[in-house]
Amino acid sequence: MSDVRIVAKAMDDIADDWHWVLLRDAQELEPRLYYAQQVGTGCGLLISSTPQHVRLFDMGAPSEPTCPPCLESGGGAVMREAEAVAALA
Ligand SMILES: [Zn+2]
């Protein structure tokens with residue numbers, strides 16, 4: 001299992017920023033359907049601390065987040081954030 005990083009919204013809110021959403025220890029069950037141990041964002045939001053299915057929808061996501069902390073976090077920092085998120089659970 002590995003981590004999957006996608007550009008997505010943390011909430012079903014049209015006004016919400018696009019974030020790096022991290023699916024921790026995600027397993028791809030079928031195209032666009034994952035089982036993830038934990039879900040959070042690059043800027044530190046914890047979306048789910050319990051394992052759950054995550055289905056990806058094509059919401060017209062840009063190639064990069066619009067959330068400034070997510071954008072600044074880049075790859076390595078995102079991993080550190082994800083580890084910090086994991087430590088919270
Ligand atoms: Zn963010």
A correct Karplus calculation of ³J(HN,Hα) over the stretch 24-30, with 6.51 cos²θ - 1.76 cosθ + 1.60, θ = phi - 60°, whole Hz and x for Gly and Pro, returns 7, 6, 8, 10, 7, 7, 7
In terms of modelled amide H atoms, which long-range or inter-chain residues lie less than 5 Å from the amide H of Trp18? Thr66, Cys67
Calculate one ³J(HN,Hα) per residue across the stretch 44-57 by plugging θ = phi - 60° into the Karplus curve 6.51 cos²θ - 1.76 cosθ + 1.60, and present them in order as whole Hz with x for glycine and proline. x, 6, 9, 8, 8, 9, 10, x, 7, 7, 10, 9, 8, 10
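We did not get these values from a lab; they are worked out from the coordinates using the rules stated. A quick note: this is a predicted structure, and the numbers were derived from the prediction, not measured.
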